[in-house]
């Protein structure tokens with residue numbers, strides 16, 4: 001594994017002439033755009049990391065004349081706030097990325113699903129959207145975008161729950177397959193991408209895939225916007241080249257007493273100090289949608305885990321039993337162990353339950369509860385018990 | 001309670017009468033009145049020609065589409081890990097003392113409802129809260145008192 005260290009990048013917030021980039025994109029064929037994105041090895045920046053080029057390619061291959069581009073701005077993962085910042089500072093690039101995606105797959109309609117917590121951004125976003133529509137009309141291209149708001153449901157960041165929500169229903173994830181690329185919003189072929197992914201795609205078209213792949217590692221190309229919070233003297237948003245170790249990250253952002261870093265939010269992984277040096281932040285190590293939370297030695301990891309499990313118990317949509325009951329039982333379980341009402345070996349039973357949830361849950365929420373649960377219980381067993 | 005009047009009909013004109021019009025309609029009602037009454041949900045069901053159970057079933061799924069009475073200003077204090085680590089409990093205590101209500105309650109004058117909520121995306125400026133749509137960050141007890149005073153008139 002190649003270690004690259006930590007270097008700051010300015011791609012997402014860099015000011016560009018959107019019209020020039022869009023004219024370039026519209027002069028390219030669908031295949032040429034998709035080829036660029038495939039060559040860039042861009043993986044989804046929301047956290048799941050599906051190759052963006054493939055998503056676009058599959059959607060483009062569908063024959064249905066009605067297709068949709070969706071921007072997932074339901075940024076709800078605890079510790080993530082970079083999409084708000086991107087929308088706040090560079091929404092024109094989000095719109096541009098959507099238009100390019102539309103060109104690539106033959107979609108004329110885009111939706112942005114914005115979480116209700118970010119409603120205060122709307123006036124400014126509409127102003128920028130108006131300018132974008134005007135510019136698109138000037139270029140003589142047919143593509144329009146509408147906003148749809150969330151109303152405080154973490155699960156609606158799951159793609160099929162998001163479709164249900166736009167369609168006016170409870171945000172309960174659908175069974176897959178069919179995948180969104182063949183049957184998504186209104187059962188039409190749909191490409192749904194994270195805010196940052198769309199901006200990155202636009203920058204790849206602007207600069208060329210060959211330029212983009214110079215950044216990052218073989219498994220994690222490019223750069224990524226990180227949301228840094230917790231016990232750090234410099235909380236905030238930082239765009240960094242992928243491929244650094246947790247140690248390098250902690251050296252830059254820690255307060256000198258960091259004992260653990262939660263990478264990827266409540267549904268991500270907890271990396272303890274002894275693993276900092278060997279853990280790479282990226283798809284070859286710990287993947288992240290950007291959430292990086294640092295904990296110093298004054299923090300109880302039991303409290304951290306308890307907080308996450310409360311979060312999941314509340315945010316589970318309740319549709320499938322492994323997730324609905326599993327989250328509640330994990331929470332109850334660690335409380336019992338803490339109070340001495342259950343033996344410490346009961347944690348092994350709970351780990352088995354987390355494993356079952358990973359296999360049996362319908363969507364990513366229930367499937368990933370075990371990530372934080374196991375990595376905290378296994379690395380901070382004493383703190384959870386005593 | 002509030003009078004539904006022509007509001008639902010007007011919103012249906014604005015957003016349409018399809019199933020996908022449901023969320024925008026409910027969101028607009030909540031934006032104006034802070035919660036959904038049974039009457040409002042029945043009226044929406046009738047405009048969209050779907051059962052009231054469908055409307056309630058959808059509304060009750062979403063934390064921000066309250067179906068219980070809420071005050072004019074809904075305060076939602078973030079309780080997720082970073083805000084929790086950075087003094088969320090002090091903020092709640094300050095608000096409870098000032099408004100003389102507990103989390104989940106509404107002041108007798110119906111001006112404020114105090115709630116806790118999950119991560120609102122301001123972890124780098126914790127602790128944080130929303131009052132209606134407006135975020136307030138880097139909170140201290142002193143700052144919270146000033147902010148609430150601004151909503152008292």
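The values are calculated or read from the model by the stated rules, or taken from the named source; none is laboratory data. In this text, all values refer to a predicted model and were calculated from it rather than measured experimentally. Glycine gets a Cβ as well: all are built from the backbone with ideal geometry, and neighbour counts include every protein chain shown.
Quick check on segment A:316-331. Is at least one of its residues outside any strand (DSSP E or B), surrounded by 22 or more Cβ atoms within 10 Å (Cβ to Cβ) and touching a strand residue (DSSP E or B) at 6+ places or on another chain (Cβ under 7 Å)?
Scanning segment A:316-331 turns up no residue that is outside any strand (DSSP E or B), surrounded by 22 or more Cβ atoms within 10 Å (Cβ to Cβ) and touching a strand residue (DSSP E or B) at 6+ places or on another chain (Cβ under 7 Å).
Residues checked against (1) at pLDDT 95 or above; (2) surrounded by fewer than 18 Cβ atoms within 10 Å (Cβ to Cβ); (3) within 11 Å of chain B (Cβ to nearest Cβ); (4) farther than 18 Å from residue A:382 by Cβ:
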position	(1), (2), (3), (4)
A:266	yes, no, yes, yes
A:289	no, no, no, yes
A:302	yes, no, no, no
A:306	yes, no, yes, no
A:340	yes, yes, no, no
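For segment A:175-187, what are the residues that are surrounded by fewer than 19 Cβ atoms within 10 Å (Cβ to Cβ) and either outside the structural domain of residue A:148 (by TED's automatic domain parsing) or assigned to a loop (DSSP other than H, G, I, E, B) (or both)?
Once the filter is applied, which keeps residues that are surrounded by fewer than 19 Cβ atoms within 10 Å (Cβ to Cβ) and either outside the structural domain of residue A:148 (by TED's automatic domain parsing) or assigned to a loop (DSSP other than H, G, I, E, B) (or both), segment A:175-187 yields A:175, A:176, A:177, A:178, A:179, A:182.
For segment B:79-102, give me each residue that is within 14 Å of chain A (Cβ to nearest Cβ) and surrounded by 14 or more Cβ atoms within 10 Å (Cβ to Cβ).
Residues satisfying the conditions are B:79, B:80, B:81, B:82, B:83, B:84, B:85, B:86, B:87, B:88.
Which of the residues that make up segment B:108-120 are assigned to a loop (DSSP other than H, G, I, E, B) and under 12 Å from residue A:152 (Cβ atoms)? Spell out the reasoning first.
So in segment B:108-120, the residues assigned to a loop (DSSP other than H, G, I, E, B) come out as B:108-111, B:118-120.
Passing the criteria: B:118, B:119, B:120.
Can you tell me which residues in segment A:149-174 are within 14 Å of chain B (Cβ to nearest Cβ) and assigned to a helix (DSSP H, G or I)?
A:154, A:155, A:156, A:157, A:161, A:162, A:163, A:164, A:165, A:166
Yes or no: residue A:111 within 11 Å of another protein chain (Cβ to nearest Cβ) and within 18 Å of residue A:44 (Cα to Cα)?
So residue A:111 passes the test.
Residue under question is residue A:117, and the condition is that it be closer than 27 Å to residue A:219 by Cα and at pLDDT 95 or above; does it hold?
no
Checking residue A:119 against (1) within 11 Å of another protein chain (Cβ to nearest Cβ); (2) surrounded by fewer than 23 Cβ atoms within 10 Å (Cβ to Cβ); (3) closer than 19 Å to residue A:12 by Cα: exactly one of these is not met. Which one?
With respect to (1) within 11 Å of another protein chain (Cβ to nearest Cβ); (2) surrounded by fewer than 23 Cβ atoms within 10 Å (Cβ to Cβ); (3) closer than 19 Å to residue A:12 by Cα, residue A:119 is out only on (3).
Does residue A:227 satisfy being assigned to a loop (DSSP other than H, G, I, E, B), within 14 Å of chain B (Cβ to nearest Cβ), buried (at least 22 other Cβ atoms within 10 Å of the Cβ) and at pLDDT 95 or above?
In short, no.
Of the numbered conditions (1) in the same structural domain as residue A:183 (by TED's automatic domain parsing); (2) closer than 27 Å to residue A:180 by Cα; (3) touching a helix residue (DSSP H, G or I) at 6+ places or on another chain (Cβ under 8 Å), residue A:23 satisfies every one except a single condition; which is it?
(2)
Tell me yes or no: at least one residue of segment A:236-249 is within 13 Å of chain B (Cβ to nearest Cβ), under 10 Å from residue A:296 (Cβ atoms) and either free of Cβ contacts under 8 Å to residues at least 40 places away in the same chain or part of a loop (DSSP other than H, G, I, E, B) (or both).
No, that holds for no residue.
Please specify each residue of segment A:325-344 satisfying the condition of being closer than 20 Å to residue A:78 by Cβ and either free of Cβ contacts under 8 Å to residues at least 24 places away in the same chain or in the same structural domain as residue A:153 (by TED's automatic domain parsing) (or both).
Across segment A:325-344, the qualifying residue is only A:328.
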